[in-house]
Amino acid sequence: MYVAIAISLLFALGSVFINFLNLARFKDPKLKYDYISSREKKMYIYFFIGLGAAVFFYLNTLFREPVAESKGWIFIRLAVALCAGTLVGYIPSLLLKYMLPANQKGRLKKLRFQPRTSPKSGKQMRLLTEQEEDVHLDEAMQAEENIFSVDYDVWVDDDSDYVKIEKYPGHLVAQECDRCGMQTLKLKKEEILKQPTDTEPGEIVKHYKCSYCNRVKHENKQIAQLEANKESFFLRFKDHIGEAISEKQYAIQLIRMEVFDNEGHPHHYEFGDIDQAQSFLKELENKKETED
């Protein structure tokens with residue numbers, strides 16, 4: 001039994017050690033990004049499994065006298081050990097489920113935009129914009145980006161013309177949840193509490209639910225007066241393709257879009273510029289025509 005305890009503890013501690021060893025071993029930010037996003041959580045789960053197994057085996061070494069006197073104590077001890085071992089593995093796993101993603105998000109973002117060093121010149125490389133990077137992407141890569149299933153980052157060394165292309169997951173169709181930190185907070189429905197008039201603003205309540213941690217959020221917002229709405233942004237459709245326009249010119253930093261499917265479910269998207277948003281709308285229209 002003590003051998004089983006030692007093996008379980010060795011498995012648990014070994015998982016943590018291997019995780020830290022891998023994090024230290026990967027010097028390239030992209031390799032470290034891929035490891036954290038795909039493997040790190042599993043290594044922590046292995047740790048808690050090993051720890052739970054060690055608790056299970058340890059508790060089965062206790063209460064030897066009652067077990068020797070009555071065979072019924074064997075089943076009692078086994079049940080208690082099984083419950084304790086399960087709790088040791090299950091409760092931390094719940095904490096891991098909600099706490100680790102929020103911790104990983106900041107680390108992954110930092111790794112993705114961390115300046116790259118050119119292996120040829122040794123100088124810092126430059127991250128291209130969405131418009132600049134297309135010349136370095138082949139047709140297959142551009143097709144993936146056009147349907148927003150994959151997002152590519154292109155780093156260029158201007159001195160040696162060395163180019164590095166990195167592949168990342170595409171857009172998430174939701175907002176960031178303020179509990180778990182993931183972009184899984186979806187708008188379920190909207191209710192207008194007060195209609196706006198020419199003289200008074202209205203009020204609307206938005207109901208959100210996180211598909212990751214099941215957080216429910218209600219948000220009250222004002223609806224601008226009707227006269228103010230006429231002077232603000234509005235959405236004009238031309239051949240079913242939306243085009244955001246305004247009477248004034250603005251330096252656009254981020255475009256947020258909400259699209260409703262045939263069942264009335266909203267989907268949220270974020271884009272860095274108008275061209276990318278328009279391309280998305282065209283692709284959405286082409287997909288709709290194909291399905292029809």
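Quick look at the values:
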item: Failed item in (1) farther than 25 Å from residue 279 by Cβ; (2) touching a Gly at 6+ places or on another chain (Cβ under 8 Å), with residue 68 passing the rest; result: (2)
item: Residue in the stretch 142-160 that is modelled with pLDDT under 90 and in contact with a His (Cβ under 6 Å, 6 or more places away or on another chain) present; result: yes
item: Matching residues in the stretch 55-85 - criterion: being under 33 Å from the mean Cα position of the chain (by Cα) and crowded, with 19+ Cβ neighbours inside 10 Å; result: 85
item: Selection within the stretch 105-136 - of a type in the set (A, V, I, L, M, F, W, C), exposed (fewer than 12 other Cβ atoms within 10 Å of the Cβ) and in a helix (DSSP H, G or I); result: 135
item: First in the stretch 1-29 and assigned by TED's automatic domain parsing to the domain that holds residue 77, second anywhere and of a type in the set (Asp, Glu) and surrounded by 13 or more Cβ atoms within 10 Å (Cβ to Cβ), Cβ under 9 Å, 6 or more apart; result: 19/40; 22/40; 23/40; 26/34; 29/166
item: Answer residue from the stretch 1-29, given it is more than 23 Å from residue 99 (Cβ to Cβ) and among the small types (Gly, Ala, Ser) and is surrounded by the fewest Cβ atoms within 10 Å (Cβ to Cβ) among those; result: 6
item: Residues (over 20 Å from residue 167 (Cα atoms) and of a type outside the set (A, V, I, L, M)) located in the stretch 102-130; result: 103, 120, 121, 122, 123
item: Pairs, first over 11 Å from residue 12 (Cβ atoms) and at pLDDT below 90 in the stretch 43-61, second crowded, with 20+ Cβ neighbours inside 10 Å and basic (Lys, Arg), C-beta under 7 Å, six or more apart; result: none
item: Subset of the stretch 1-34 that is of a type in the set (Phe, Trp, Tyr) and under 29 Å from residue 86 (Cβ atoms) - its residue that is farthest from the chain's Cα centre (by Cα); result: 2
item: Unique residue being closer than 29 Å to residue 47 by Cβ and of a type in the set (Asp, Glu) when the list is 132, 69, 166, 176; result: 176
item: Selection within the stretch 201-224 - of a type in the set (S, T, N, Q) and either under 22 Å from residue 96 (Cβ atoms) or outside any strand (DSSP E or B) (or both); result: 211, 214
item: Residues of the stretch 30-44 satisfying the condition of being out of contact with any Asp or Glu (no Cβ under 9 Å at 6 or more places or on another chain) and either surrounded by fewer than 16 Cβ atoms within 10 Å (Cβ to Cβ) or under 26 Å from residue 115 (Cα atoms) (or both); result: 31, 32, 34, 35, 36, 37, 38, 39, 40, 41, 42
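The values are calculated or read from the model by the stated rules, or taken from the named source; none is laboratory data. Predicted, not measured: the structure shown is a model, and the values here were computed from it. Cβ atoms come from the backbone with ideal geometry, glycine included; neighbour counts cover every protein chain shown.
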